Each structure stands twice: as structure tokens, then as C-alpha cells.
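*Asks:* The structure follows.
The values are calculated or read from the model by the stated rules, or taken from the named source; none is laboratory data. As the structure is a prediction and not an experimental result, all values here were calculated from the model. As a convention, Cβ positions derive from the backbone with ideal geometry for all residues, glycine included, and neighbour counts pool all protein chains shown.
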Amino acid sequence: MSEMNVKIETKVIQKPDYRKKAKQILLENIVPILFIIICLIGVKLAKQPPLYILNELVARVARNSFIVLALIIPVLAGMGLNFAIVLGAMAGQIAIIAVTHWKITGLAGLLTTVLLCTPFAIIFGYLTGKLLNKTKGQEMITSMILGFFANGLYQLLFLFLVGTIIPMKNPVLVLSAGVGIKNTIDLTAVKYSLDNIFKLSMTKTMIAFGVLCVAVMIVHLAYRVFIKKSKPQNMIKYLVYTGIFAAIGTVGLMIMNTKSVYNMVLLPIVTLVVIGLLCLFNVFIVKTKLGQEFRTVGQDMHIAKVSGIHVDKVRVIAIIISTVLAAWGQIIFLQNIGTLNTYGSHEQVGMFAAAALLIGGASVTKATIGHALMGTILLHTLFIVSPQAGKNLLGSAEIGEYFRSFVAYGVIGVSLGLHAWKHQVQSKKKTS
Amino acid sequence: MGTQTILEMKNIEKEYFGNKVLKGVNLTVKPGEIHALLGENGAGKSTLMNILFGMPVIHSTGGFNGEIIFDGAPVSLKSPKEAMDLGIGMVHQEFMLIPGFTITENIKLNREITKHNPFSRVMGEKLKTLDTEQMNKDARKALDTLGIGIDEWMKVAGLPVGYMQFVEIAREIDKSNMKLLVFDEPTAVLAESEADTLLAAMKKIAASGIAILFITHRLDEVMSTADQVTILRDGELVATMKKEETTVMQLAELMVGRKVEKLGKEKKENTQQEEIIMEIRNLKVGMPGEEVKGIDLEIYQGEIIGLGGLAGQGKIGIANGIMGLYPAEGEVLLKGKKIQLNNPKASLNSHLAFVSEDRRGVGLLLDTSIELNIVITAMQAQKKFLKRFGFFDQMDGKATREHALKMIEDLDIRCRGPQQITRRLSGGNQQKVCIARALTLEPNILFVSEPTRGIDIGAKKLVLDLLVKLNRELGMTIVMTSSELGELRSICDRIAIITEGKIECILEPEASDADFGLAMAGEYKKLRSKEAVIS
Amino acid sequence: MREKIRLVVQNIGLPRIIIISFLLTLIFGAVVYKIPLDALTTDTLVRFGMNGVLVLAMVPCIQSGTGLNFGLPLGIICGILAGLISIEMNLVGFQAIFTAMLISIPLSAISGYFYGVLLNKVKGSEMMVGNYVGFSVVSLMCIGWLVLPFKNGEIIWPISGKGLRTTIALTSRYDKILNEFMSFKIGGVVVPTGLILFFFMACFLMWLFMRSKTGIALKAVGDNPRFATASGIHVDRARLIGTVLSTVIGGIGIIVYAQSFGFFQLYQAPLYMAFPPVAAILIGGASTRNAKISHVIMGTLLFQALLTIALPVANKLVSEGNLSEVARIIVSNGIILYALTQAGGGE
């Protein structure tokens, strides 16, 4: 019996075909590449000073990335783009209105807002998750309609219940008739409370970032080699990354010494650190048991169930996390904007976040941190340049504005369509 | 290995809605033994396994009677998880693998090895980090045990089918407490060489002390691999014996043998079977799970021909292919004229009618009235029951109603009237609606697939009687596909047994049980090669 | 007795019972606040007629299995374009409105065809994709409205002479032409005969279509595509016909709507125009897989009555803000959510 040892050799060894691989990489990233080109054309047409664009971009990326990152986990769990992050944004706004009412200012106000919005977001997320479990296969349309529906309830709350059922006497917030919250609320109390904790010029940041990363890489490598005594598997990867980080630092150093205008670009370090932490959180969660359950459920709900995973529960958790993150993201957004458009700030949040993610190259089933950050940068570059570009090109700034909303809708539509089409082709292949 | 048993199932009885499917079955498995479980479809194999795994379907239908002793202690299994915890594993027929995951991730699915990190200590178990290194080591060990040289970090997507099966097995043997492993028709999807590898691996696993329960219908595999054989038939235990004490012939006979009851149908006195109505040449049908791999068959005017065989062998695919519902190639001639394949409309226009095996999925518009269900195919394919007004046409309500009422009376469809929606009808009456629709097409040949599946015994007989009546009184040619051999033998003139997508042989209904058993197991040609072809 | 109540509830459906009781409460409120009921009835009838055709556009889509047609703005855009062309041609009265409808048909048919081809490629996600097709087309046409070469002064901005106005008045063209056709007064209620007749006519034609061979094929495809294939029906073609038909009716629907409203609304206005018809047909008892003419009539009547009566009552209740608008958002999206949960998928 012992010589029945059957050896099957792997036939699936792939030759490194670099041309094919390059083509594949190009094809996989066709959407961001396309948008990079569109953005470059836009920048060229808009003829705006690069410093202006850069300043705007830094501000916009810092305030919008967080909420885009909130979309990743539901995608991982196979629930598609969670348009119901609108509910998270609402939770954030409810908290921020309350904090404005209580007149808690500065960082304390911000932290109170974050603390206050979390239970709301958890409840909203739980309910959303329950609903999405009832509409498996139609999660995206459901989450979108749910956003509209919740918006109705939100308006009911702030337009009619505040001042009638919920007692609130605050002339700053409440409309003159004593019922309903004002349309726009000045958030001076928390404005820039996060951004302004610590600001650093871009060049200095680049140097610091470069040095820090290189140091981390070296320490990590040393830890591996000397303490764990295991050989690093991918030396080249190490070198490339270290090189990139070193280059970032060097470029920063060079620009700083040239007295260029770019020295004036200031970065809200704390906000960026918070975003960085969220990225780390997303990386971390994938590597945990919970993350593995997300992935399993996302890949195949049936198999997940058979192997003993509580599918419905996992999906609810994914949505709760997403909703809470969205609430925090909305707070970061609002503290930077400084005014709350009570009935409008949250409305388009889901759509623009989804569009940003997709422009970055994500799909309905696959989204990474890279997609989210890349997409945010591209979408907002487009937002900055398109009105001016439209004006310069066709003599109307409106065209640019319509164009960018067309891009946002269009990219979601195309991406959803492509996904559905691929799905159909695949299932056809399976059955015939 | 000792002589004590790992599993003992004693006097197991199970009813589904008053229908006894297991009638006092005993099964004893010893550690390190390969125990084959043989039986036709519906013999009770899967019910027995469902009981062993404590599947919810058992408990939601009233539980079972009898006793299970596992590893020396009586157990009452309430859920698959309990069974797993005890050390009972199952290699599924359909793969429970996630293509986007690596082999390791699949092997360790929901059994991941984790380690603590600062967050998990505060936030709970779920946030423990995966210990990829350890998981890879375990996976490697399991694969090595099976003697498979694939890398554990490869993705499952793109692996050949045979490897996937091994990944499944590796997952089971990776469970540290595995004592009994059930293989459900594991070789069904494998090529011959892969099957040999698998059987060898099974022997290795058994040699390590794990007992194996091997469900199959391939008799040669039983003879080459098993130590012990248990045969079920119609929910009863027919025999348990040592492999050495039996032969392929005996196994075949035991598996099939049953009393055949003739359904009011005498052998046709006047065999006017000369005229060929349909000729099938080298038909191949790509129906998933029921693939047809090239059959030649002649169908005579006025006969009832049965297509039998085990599930998954391709008998279902034949009618579906001819009717254009699944991609088909080859030649089908009706009265000497070629029928265009892959075009349902062409088949319908040639007056072929089909009663599908998937009654609720393909056979009916469940939320539509009985009358529309009866006429719709004739209306769409043959433009009947329509009134024309120039460019516009309208459904002919009166003609439809009259025809539906006639059909309801003729076929004795029990309903509240032609307007009732078909969802509310019983299985038997739904089947009659399907037959009524087929008859409305005024068919040359009527294809009927699994006509009695999922309907109760009384209704079964009515449906079969109806088919015989159509054949006898109207001279209709009927091609009946069924998994129930007894049913075929009771009403058919000839029975073609399909195995592995081909015709194994064509038998008379009176042929011996052993012949049928061998044919269904795919051993007929080998053993009876000289007398195989009966025309 | 209890069983009977349960059966009634099941037959009418819980959401409809809630909405009907809500409506009754509103009517009661209207009586209490002494809001003239005859004016409300008139308004309800007008809104019933002007929205009905758009709601009817949902039927062929649902019947052929592509679900609720969230891509209706596509047809609406075509209808608006045709309406503008009829103005550009300087037509007036019935001639103008029927020309507009005639022109809209080929426009809608062509765009509906491409939309249908797309929907056939994305089976299972029709509603989501359709929704974004609608959104994209509306925002693309926003650019279109800016650059289309219309010349008529009623259409383009008077000062710059470039780009189309956001609302285009029909006062001198065919404002309320259907409403006033053969209209009469009973008590205080003005019945917009022409409008209602047109709507019923459209319903009747649709009813006839549903009983034709093609119509029955459509229904079979929607009910069970595999059955339809087995009956020799070309599934993709049937879905295509359903989508084209829905788009065409959407185009005609917006013209009917506009003549009663008195304006064509351009730019972002059509963005969410698919939602009220979707909500209306669902309120009428349709599901994502089944819709009848009776659902259209019932649903439009209930939904529009609700909106009409809610407005004055809400204003009496709370003078600030637009409570009835909020109620509309909650009711219409609530019913869509309900329909989605009923569509199954949750095992």
C-alpha cells in the first residue's frame, strides 16, 4: 500500500510572460488610467495655477477620503457599494447638530461628536444590515432607496419634530418660527478642530514621511532577519519600497531647498494620520478571523453557510462598520467645510463616494485602499478643474459642472453594468 | 485495528409526510474499514446520510426512529456541526470550495488558526489575527498525507477538477479528530486516472485508521476498494456482506431486484413496430449534470420507450436536447426529415411536445391561470387560439376556455375552474396541466421526463395510466424518461439504459433484475458483450 | 372572523391598508380644517390623469421581467425633446401636441432599443443599472440642453440667446389642452374629461396589447423565462419589446404631464421622475414581477390623492416647511423598499 504514493505534478506553473502581464495590468487599471488622462486634459484646459489646484486637492482629499474608505468592507463582504452610508452621514450630522446646540467647542466638541454619533451609526447600520439581508442580490438598489427613504425621515425629524415634539430653543439653530432646524448651520465651534491641530508644509511632511517609512522598513527587516531568523521572501519588494520612500523624502528635501511656491502647501497632519489609521484598520481587519469571514461570505454565501459561518450576522457587522466609519467621515468632512447644509450635506455622499471608489479602479466585488485613495484624488481633481475647463472650452462653466455629475453617474452606471454583464457571462459559462 | 465499531446505526426508520423512506436499516462500520453503500436513486442512501449528519431537513420533518452509536456511545445528532465535532466528515459531491481563495484558505475554511493581537484581547475573539504560517503548514501536511504535490498557496480557481476533490478531502483529514469520512459518489466527476488516484488515497486514509463510508454506484470500484458492502433498496436493508463473498452480478441483482407490477397493459399483440418515427444519430447535449455524450436511437411509431439509468448519467439530457433547451449537436430525424437543433421553436413546430422534469421551474407559469398554461405554447408556437384583426391579434378567449374545460374533463384535473392559478394545484394536477399543454400541441411524439417525481402514490398511478391510455387509444408515441426503473418496466415497450451519457443497452421490460442492475452500473456491455444489442 | 380579517389583510396587502387609512385620516383632516373638498377632488383628478400615463409605462417592463423601470428618464427626455421640436416647428394646439407625441415615438423607440439591449446584458441588476442609465442620460442631456441648436425664443434664454431655459412655458402652445377638452363641472368639481379619456384610452390599448400574442409572450417571459424558452418564445426579444414600449409610453407620458403642468422642465428636473410612477404602481398592488392595468389605475389614484390632500392639510398643521413633500419622500421610497423585500432573495 505504501508505494501507492501518487505524485501529481503541478502543470500550472506559469512562465513569467512580462508582455502579457503588462497588458493585463493595463487592462485591469484601464479606468483610473482613462481618468488620469481626462484629468490631465482638464488641468491643461482649465489653465489654473498648479498651486491652487494642489491646495484645493489637499483639502478635498483630506476631507473626503475617509468616507470613501468606509465603502471597502461591504464590498469585501460581497454586498456591493453601500449607498446607505448616507445613513452614517446622517448620524454624524445628528451628532454635530447636538454638539453645536450644547456649544461644546474645539477638539472636545469634535470628540464628543464622534462619541455621540457612534451609537446612532451602530443602530442605523444594524437596521440597514437587517434590511439588506432581506433583499440579497439587490443590495445596491435597496441601499440607495434606503438612503432616500432615510432622508425623508431625517427631514421629518429636523424640519418638524424639532421644536414640536423634541423641545429645543436655540435661536442660532432653530428657525424663527420655533419649529425646525435652519438650512445652514455655522459650525465655527468645531471648524478645523482636527485639521488645525498640527499643520506642516508639504515638503517637510514628505521628508518626515520618507524618513519614517524607510526607518520602519529597515527595522522590520532587521527584526525578521536577526530576531526571527527567517529569510525575507521578497527582497526586491523591500528594496523597491524603500527606494520609493527614500525618493519621496529626497524630492521633499529638494523642493524645500529651492524656495518654490510649493513650500506654501500646508497639510493637515492629524487628519491625514487619522485617514492613515483607517487604512491600517482596513488592512488589519482583512487579516483577522472576522476579515476572513467577510471574504468568505463575499465570495460564496452558500459555502460560507455550510462551513458554519453566520452569514447574516457577518453581513450586518460589515454594514455596521461601514456606517460608523461613514459617520466619522462625515464629521471629518464637516469640520473642514465649517458649515452644515442641514438638508443637503449628506444627500450625495453615497453617490460621490461610490463614484470615487470606482474611478480609482475598484469594481462591485473588489475594492482596495489604493482604489479608494486614487479615486478620491482623481474625482476631486476633476471637480476642481471641470468648471473652468468647461468655461474655457465651451464658454460655459455649467457645462463643466454637468460634465462632472455625468461622470459620477456614468462611471457608476458603467461599472455596475460591466459587473452585471460579467456575472451573466460567467453564469452562462457555468451552465453550458 | 481492533474489532470494535466506530459507527453503529440500528433499526433506523424515517418517514417523510407519511411516506416511509427508511424501513429499519442497520449499518455497522469498523475503524479503518472502507464500507461501500450501494443503492439506486431513492433507495434511501442520502436520507441515511442526512440522519447521520443531523441535517435540519430531518428534524424539520419529524425526526427519525432508531439508535446511532458512535465511537461506543449513543449520540443524538441535532446539527451538522455536532456531527463534525464528533469526527464525522463528508466529502461533498458538489465542491464546497471558494475559487478565489488559496488551497490553504479553503482547507482551513472557518477553522482558521488565529493568534492574539492587542485589539483582540479587548474586542474579542473575532479580531484575532490569522496565523497564515501555521495554516500553511497544516495544509501542507494534509496534502502530503494524500500524496498530492500541489502547492498550498495556489488559488483553487483554475485547478483541474480532480485536484479540487483532493482539496476537499484534505480539508476533512486536516480535522484532527476525524474518525469517519463519508464520500458521496466521489468519482462521479473524475476522469479514470483521477479516480484511480482517489481510490488509492482512500485506501491510505483508511490505513491510517479512519473509517470510510463510500457511496457509489460503480460496482468495479466497490470490488477494487471496499472491504464491506451494504446494499439498500426502497428504504430497506437488502444485504451486508464482505467484498470477498460477492460478485458484480450478485451486487447488480440485489441493487435493482423488485417486483414489477404491470399497469393494465398487456404486451402488444400485434407488433407493428416496423415504422421508425424518429431517428437520433450521435446526439450530444451539453446539459450540466446530465451530459449526453453521443447516442444513437431509433424510436418506433406507437411505442412507449423508456429512458432509464441513474441520476447524472445523461438520460434527462436527451429530451431536453431534442427540444432545444440545452446546446445539442448531432442529428435528429423525424419521419426522415431533419429537425433543426438548438431551436425550441423548430422542435415545437415539428409537433414534438415535452413535459419537463422540472415541473415548477420549466413546466409551469405558476402565477398564471390553468387555461393560459394549457394553450400558451400552442399559441406561441403554432398561432392557435388567436383571432386576427389586420395587423393586430387577440387571444381567443372563448376557444381557450372551451379547450381548457375539455382538457380539465378529459384528464380529470381537480381544480376550482380554468381560471385558478397553477401554483395552488397539487403536484399530480400540476403534472396533468403540463401534459394537457403538451397534448394541445397535437404532438407526433410526446417526451415525458420524470412524470411522477414529487407527486403522491395515488396520483402517480393516475399519471401513468394516463400515459398508457394516450398510447393505447390515440396511438401516441411516448418517450418516457424516469429514474424509477419499476415505473419504466410497468409501462414501457422497450427500455434504454443510459450510463455516462451513452446508451448502455436496450432491454425488454421483462429482462432480469441482474441485467438491469448491470446496465445501470455500466457493467452490462463488459459482461454481456455478445448479447448486448437487442433490437 | 379573525381568519377572515387576516385573509382580507393578505389580499389587500399591509402597505395598501396603511396608505388607505392614511388617506382616510387626511380626508378627515381636510374636513376638520374645512378645506374645500371639491377643489381637492378636481386637483386629484387632474393629477391622476397627468401622472397616469407615466405609471402605465411601468407595466410592460414589469411584465417582461426587467423589473421596475428606473430608467424611465430616458423616455422622458425623448418626450421633452419631441415637445421642444413641436414648439420649434411653431405648431399650436392639438396639432402641436400630437405632432410632439408622434415625433417622440421614434426617438423613444430608438433609445429604448439600445437601453433594452443593455438591460439584456445585465440580467438580475436591471433596476440598479437602469437607475444609473437614467441619471447619466439626464446629466448628459444637461449639457445637451446647453448646446442644442434651438432657435425659438420661447425655448432659449432671451438674453444670451444660447442654451435652453430651465422651464419652458406652454401657455401659447398647448397648455392644458387635454384637460380642457370636453371638460365639465359637477358641483364644484371640474372633470378634465380629455385628460382622463386619453389616459383610459392608453390603458385600454395596453390591455389589448397584453392579450395579444406578443403581450402574452411578454408575460410568460416575465413570469418564467425558462418556461418561455421551452414554449419557443425568444426571451431577449420579448424583454426588448417590453423596454421599448415602456420608453415610448414614458415619452408620451411626459408630454401629457407637461400639457397639464403647463411647462416642460429641463436640466435636473427629470432626474428623479422615475420614482413617483414606480411608487404609484407599487401602491396599486403591483410587485417587481407582476403588474396589471388595475394596479396602474388604483395606484395612481391613491398616490395622487394622497399627495393632493396631504399638501393643504400639512400646511394647516405646520405652516413652515413642506411637510407634504417629506411625506411624499417617505411614502414613495418606503413602498419601493417594501416591494424590494417582498421580491425575495432573502431565502
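*Asks:* Can you go through C:MET182, C:MET201 and tell me which one is modelled with pLDDT of 90 or more and over 30 Å from C:GLY124 (Cα atoms)?
*Replies:* C:MET201
*Asks:* Which is in contact with a Cys (Cβ under 8 Å, 6 or more places away or on another chain) and under 30 Å from B:LEU348 (Cβ atoms), of C:THR229, C:THR214, C:THR243?
*Replies:* Just a single option satisfies the conditions, and that option is C:THR243.
*Asks:* Among the residues of segment B:372-395, write down those that are more than 22 Å from C:HIS234 (Cα to Cα) and more than 10 Å from every other protein chain (Cβ to nearest Cβ).
*Replies:* Of everything in segment B:372-395, just one residue is more than 22 Å from C:HIS234 (Cα to Cα) and more than 10 Å from every other protein chain (Cβ to nearest Cβ), namely B:GLY390.
*Asks:* Is it true that some residue in segment B:465-479 is out of contact with any Asp or Glu (no Cβ under 8 Å at 6 or more places or on another chain), basic (Lys, Arg) and assigned by TED's automatic domain parsing to the domain that holds B:LYS293?
*Replies:* Yes, because at least one residue in segment B:465-479 is out of contact with any Asp or Glu (no Cβ under 8 Å at 6 or more places or on another chain), basic (Lys, Arg) and assigned by TED's automatic domain parsing to the domain that holds B:LYS293.
*Asks:* Can I ask one more? Please find, within segment C:191-237, the residue that is nearest to C:THR288 (Cα to Cα) out of those that are among the hydroxyl-bearing types (Ser, Thr, Tyr) and either more than 7 Å from every other protein chain (Cβ to nearest Cβ) or crowded, with 24+ Cβ neighbours inside 10 Å (or both).
*Replies:* C:THR214
*Asks:* Does B:LEU48 qualify as being buried (at least 17 other Cβ atoms within 10 Å of the Cβ), in contact with a helix residue (DSSP H, G or I) (Cβ under 8 Å, 6 or more places away or on another chain) and assigned by TED's automatic domain parsing to the domain that holds B:THR240?
*Replies:* In short, no.
*Asks:* Assuming B:THR377 fulfils every condition listed in (1) within 18 Å of B:ILE276 (Cβ to Cβ); (2) part of a helix (DSSP H, G or I) apart from one, which condition is it?
*Replies:* Of (1) within 18 Å of B:ILE276 (Cβ to Cβ); (2) part of a helix (DSSP H, G or I), only one is false for B:THR377: (1).
*Asks:* Residues to consider are C:GLY112, C:GLY134, C:GLY144; find the one that is assigned to a helix (DSSP H, G or I), modelled with pLDDT of 85 or more and surrounded by fewer than 20 Cβ atoms within 10 Å (Cβ to Cβ).
*Replies:* From the options C:GLY112, C:GLY134, C:GLY144, the qualifying one is C:GLY144.
*Asks:* Could you count how many residues in segment B:439-462 are in a helix (DSSP H, G or I) and either out of contact with any helix residue (DSSP H, G or I) (no Cβ under 8 Å at 6 or more places or on another chain) or modelled with pLDDT under 85 (or both)?
*Replies:* Residues in segment B:439-462 being in a helix (DSSP H, G or I) and either out of contact with any helix residue (DSSP H, G or I) (no Cβ under 8 Å at 6 or more places or on another chain) or modelled with pLDDT under 85 (or both): 6 in total.
*Asks:* Say we look at segment B:119-137 and pick out the residues that are modelled with pLDDT under 80 and within 12 Å of chain A (Cβ to nearest Cβ); which of these is farthest from B:GLU152 (Cα to Cα)?
*Replies:* Across segment B:119-137, the extreme among qualifying residues is B:MET123.
*Asks:* Okay, moving on. If the Cβ limit is 7 Å and pairs must be 6+ apart or interchain, which residue in segment B:187-202 that is in the same structural domain as B:ASP227 (by TED's automatic domain parsing) pairs with which residue that is polar (S, T, N, Q) and assigned to a helix (DSSP H, G or I)?
*Replies:* Close Cβ pairs (under 7 Å, with a partner that is polar (S, T, N, Q) and assigned to a helix (DSSP H, G or I)) amount to B:LEU190/B:GLN165; B:LEU198/B:GLN165; B:LEU199/B:SER224; B:LEU199/B:THR225; B:MET202/B:THR225.
*Asks:* May I pose another question? Here is a list: C:GLY112, C:GLY130. Which entry is of a type in the set (Gly, Ala, Ser), within 27 Å of C:ALA279 (Cβ to Cβ), under 21 Å from the mean Cα position of the chain (by Cα) and away from every other protein chain (no Cβ under 14 Å)?
*Replies:* Of the residues listed, the single one that is of a type in the set (Gly, Ala, Ser), within 27 Å of C:ALA279 (Cβ to Cβ), under 21 Å from the mean Cα position of the chain (by Cα) and away from every other protein chain (no Cβ under 14 Å) is C:GLY112.
*Asks:* Additional query: Filter segment C:115-127 down to residues that are at negative phi and surrounded by fewer than 22 Cβ atoms within 10 Å (Cβ to Cβ) and give me whichever is farthest from the other protein chains (Cβ to nearest Cβ).
*Replies:* The qualifying residue farthest from the other protein chains (Cβ to nearest Cβ) is C:VAL117.
*Asks:* In addition: Does at least one position in segment A:176-195 carry a residue that is in a helix (DSSP H, G or I), away from every other protein chain (no Cβ under 14 Å) and either farther than 30 Å from A:ALA420 by Cβ or touching a residue at least 40 places away in the same chain (Cβ under 8 Å) (or both)?
*Replies:* Yes: one or more hits.
*Asks:* Right, another one. Does C:GLY52 satisfy the condition of being assigned to a helix (DSSP H, G or I), more than 14 Å from chain A (Cβ to nearest Cβ) and in contact (Cβ under 8 Å) with a residue 24 or more places away in the chain?
*Replies:* yes
*Asks:* Here are the criteria: (1) out of contact with any helix residue (DSSP H, G or I) (no Cβ under 6 Å at 6 or more places or on another chain); (2) facing chain A (nearest Cβ under 9 Å); (3) over 21 Å from C:MET58 (Cβ atoms); (4) of a type in the set (S, T, N, Q). Tell me which single one C:GLN95 does not satisfy.
*Replies:* With (1) out of contact with any helix residue (DSSP H, G or I) (no Cβ under 6 Å at 6 or more places or on another chain); (2) facing chain A (nearest Cβ under 9 Å); (3) over 21 Å from C:MET58 (Cβ atoms); (4) of a type in the set (S, T, N, Q) applied to C:GLN95, the lone miss is (2).
*Asks:* So how many residues does segment C:307-327 have that are more than 14 Å from every other protein chain (Cβ to nearest Cβ) and buried (at least 21 other Cβ atoms within 10 Å of the Cβ)?
*Replies:* 2
*Asks:* Any idea which residue in segment B:51-86 is farthest from the other protein chains (Cβ to nearest Cβ), counting only those that are surrounded by fewer than 19 Cβ atoms within 10 Å (Cβ to Cβ), modelled with pLDDT under 85 and on the phi > 0 side of the Ramachandran plot?
*Replies:* Selected residue: B:GLY72.
*Asks:* I would also like to ask the following. Can you pull out every residue in segment B:379-408 that is at pLDDT 85 or above and more than 11 Å from C:LYS213 (Cα to Cα)?
*Replies:* Result: B:GLY397, B:LYS398, B:ALA399, B:THR400, B:ARG401, B:GLU402, B:HIS403, B:ALA404, B:LEU405, B:LYS406, B:MET407, B:ILE408.
*Asks:* Moving on to the next point. Restrict the check to segment A:321-330 and report whether at least one residue is within 13 Å of another protein chain (Cβ to nearest Cβ) and at pLDDT 90 or above.
*Replies:* For segment A:321-330, residues within 13 Å of another protein chain (Cβ to nearest Cβ) and at pLDDT 90 or above: present.
*Asks:* Can I ask one more? State whether one or more residues within segment A:138-150 are on the phi > 0 side of the Ramachandran plot, facing chain C (nearest Cβ under 9 Å) and without any contact (Cβ under 8 Å) to a residue 24 or more places away in the chain.
*Replies:* No, segment A:138-150 contains no residue that is on the phi > 0 side of the Ramachandran plot, facing chain C (nearest Cβ under 9 Å) and without any contact (Cβ under 8 Å) to a residue 24 or more places away in the chain.
*Asks:* Is there a residue in segment B:138-151 that is among the hydroxyl-bearing types (Ser, Thr, Tyr), modelled with pLDDT of 85 or more and under 27 Å from B:GLU194 (Cβ atoms)?
*Replies:* No, there is no match, as no residue in segment B:138-151 is among the hydroxyl-bearing types (Ser, Thr, Tyr), modelled with pLDDT of 85 or more and under 27 Å from B:GLU194 (Cβ atoms).
*Asks:* From the list B:LYS108, B:LYS45, exactly one residue is of a type outside the set (A, V, I, L, M) and more than 26 Å from the chain's Cα centre (by Cα). Which is it?
*Replies:* Answer to the check: B:LYS108.
*Asks:* Among the candidates B:GLU402, B:GLU357, which residue alone is more than 23 Å from B:ALA319 (Cβ to Cβ) and away from chain C (no Cβ under 11 Å)?
*Replies:* Just a single option satisfies the conditions, and that option is B:GLU402.
*Asks:* All but one of (1) closer than 30 Å to B:MET96 by Cβ; (2) touching an Asp or Glu at 6+ places or on another chain (Cβ under 9 Å) hold for A:PRO268, so report the exception by its number.
*Replies:* Of everything listed in (1) closer than 30 Å to B:MET96 by Cβ; (2) touching an Asp or Glu at 6+ places or on another chain (Cβ under 9 Å), A:PRO268 misses just condition (1).
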